[in-house]
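Everything below concerns the one structure shown next.
Just so you know, all these numbers are worked out from the coordinates, no wet-lab data involved. Note that the coordinates shown come from a computational prediction; the quantities given were computed from them, not determined experimentally. Because the Cβ atoms are built from the backbone with ideal geometry, glycine has one as well, and the counts that use them run over all protein chains shown.
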Amino acid sequence: MLNLDQFMDIRFLQKQGHSVREIARLTGHSRNTVRKMLRADGSPRPTRRECKSILDPCKDYLRQRWQEHGLSSVRLHQEIVALGFLGCSKLVSRFIARLRRSIQVSQRLTVRFETPPGEQAQCDWAEVGRFAMPDGIMARVYAFVMVLSFSRYMYIEFTRSMRVDVLIRCHQSAFAFFGGWPKRILYDNMRQVVIRPDRVNPRFNDFARYYGFEVKRHRPYRPRTKGKVERMVGYVRGNFLNGRSFAGMEDLNGQGRQWLGSVANVRVHATTGARPCDLLLEEPLTPIAGQQPYHLVHSVTRRVGAEALVRFERSDYSVPAGLVGQQVYVDASAGRILIRTKDLVVAEHERAKEAGQRVEAPVHVRERWQRSLEARPAPPKGCHITFAEEVQVRPLAVYAEVSS
């Protein structure tokens, strides 16, 4: 008798269009068993008879208490003894051990099946670690990993952020690396993609609609449904990152691209028995040639500081000095920063490569300097008195005559 997970996997493979013969080959069950499961009205139910035990009347109580609170067998034995149970504690220990083994097997159980060419890719983030910047600040580094499910052809890119705009840029780089994109991409519940269980991030969903691929999420609590990219993350850590040194992000990505071309995508894959670079030729991807790039603009409002600078993502960008104290809009794309007041563009800069930079246009610096020279000191506070009449000065002899 098949369990519920095996039954659901057979039904899932049928929905993907696999024949009974293919399902039997992928799952290891006989064709008769597969046909029986496909014809069944509902999920299979166990019919195995169990030997009677004096613990039977207490099993539902024990199962509920253990599932809800994880109580030990000693504690549970004490509770049912108070309810009238006369057996020994070993019966309870063996019953709880069977419950624990059953859950562990269910958590590990998975059915591997291969997707057709061009159907799917899997994507994930991985944190590389925290490293010291020149100013002493510890910066996090992340690895973006995408793998084509059929060929196992892989792309990696290392970033300083996991923002939605960075995720989209990494996708575009991966599509250019592959030469196209598949029909659907599988993700876990990363917050850049999934806002709620029933809703995809609108900004990322707009990007997916633009390129025409379907956003898929793996089954809850079943991360092995995207095991291909999970294994690739471990492969990147062990075969590429471990034991190597890198001189900054540019060197890290450069060595990563070289490793993809000389090792990862040209090795004979243990599961497929072929090189990913050879199987890539069989992937009918949607071609990227002729596709206009998707432009993501991240817009925020900022107030211009006293130095005629606008702060965005821990870097400062200059604007005309006359805008000090005013509110402006900052539109950030992949490589440019555009600053505007409503529809009027007042400044445009290249985006800072690292946090903490000060990006200024020479014309803004000159204007700020000239205005500082022209500034007049403010009048002093307090009143001002003017004496119009001259004060009369009398000789001391006059006061002597009066007093005598």
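Full extension of the chain between residue 3 and residue 184 gives 62.3 nm of extra length, using 0.36 nm per residue less the Cα-Cα distance.
When Cα extents along the principal axes in Å is computed from the coordinates, the matching label among (i) 93, 63, 36; (ii) 140, 70, 44; (iii) 65, 52, 41 is (ii).
Could you work out [θ]222 nm for the chain from helices alone, using -39500 (n - 2.57) per DSSP H run of at least four and dividing by all its residues? Round to the nearest 500 deg cm²/dmol.
Details: 13 runs with 143 residues, N = 404.
Helix contribution divided over all residues of the chain: -10500 deg cm²/dmol.
Largest GNM mean-square fluctuation across 383, 170, 88, computed for the chain with C-alpha springs under 10 Å, falls on 383. Using a cutoff of 8 angstrom between alpha carbon atoms and counting only pairs six or more residues apart, the relative contact order for the stretch 298-374 works out to 29 percent.
Label-to-label distance for residue 38 and residue 231 is 2.7 nm, based on points extended 7 Å past Cα in the beta-carbon direction.
In what order do 124, 251 fall by count of nearby beta-carbon atoms within 10 Å, going from fewest to most?
Working: 124 20, 251 11.
Starting with the residue having the fewest Cβ neighbours, the order is 251, 124.
The label point for residue 365 and the one for residue 297, both projected 7 Å from the Cα toward the Cβ, are 2.9 nm apart. Taking the number of Cβ atoms within 10 Å of each Cβ as an exposure proxy, the fewest-first ranking of 154, 133 is 133, 154.
Taking label points 7 Å from Cα along the Cα-to-Cβ direction, residue 83 and residue 358 give a separation of 7.3 nm. Mind checking which of 241, 344, 13 has the largest fluctuation in a GNM of the chain, springs on alpha carbons under 10 Å? With Cα springs under 10 Å in the chain, the top fluctuation among 241, 344, 13 is at 344.
If each residue's Cβ is checked for other Cβ atoms within 10 Å, how do 298, 364 rank with the fewest at the top?
Details: 298 15, 364 20.
Result, fewest neighbours first: 298, 364.
Of all aspartates and glutamates in the structure, the ones whose alpha carbon falls short of 18 Å from that of residue 342, not counting any fewer than 8 places away in one chain, are 331.
Extension gain residue 216-residue 140, at 0.36 nm per residue separation less the Cα-Cα distance, in nm?
On the way: separation 76, 0.36 × 76 = 27.36 nm, distance 2.75 nm.
Between residue 216 and residue 140, full extension yields an extra 24.6 nm.
Cα-Cα over 21 Å: which of 52/90; 15/183; 36/228; 228/353; 15/216; 36/59?
Values: 52/90 16 Å; 15/183 16 Å; 36/228 30 Å; 228/353 32 Å; 15/216 15 Å; 36/59 32 Å.
In this structure, 36/228; 228/353; 36/59 exceed 21 Å between Cα atoms.
Scanning the chain for GluC sites (Glu not before Pro) in DSSP loops with at most 11 other Cβ atoms within 10 Å, what's the longest stretch left with none? That gives 51-388 as the longest site-free run.
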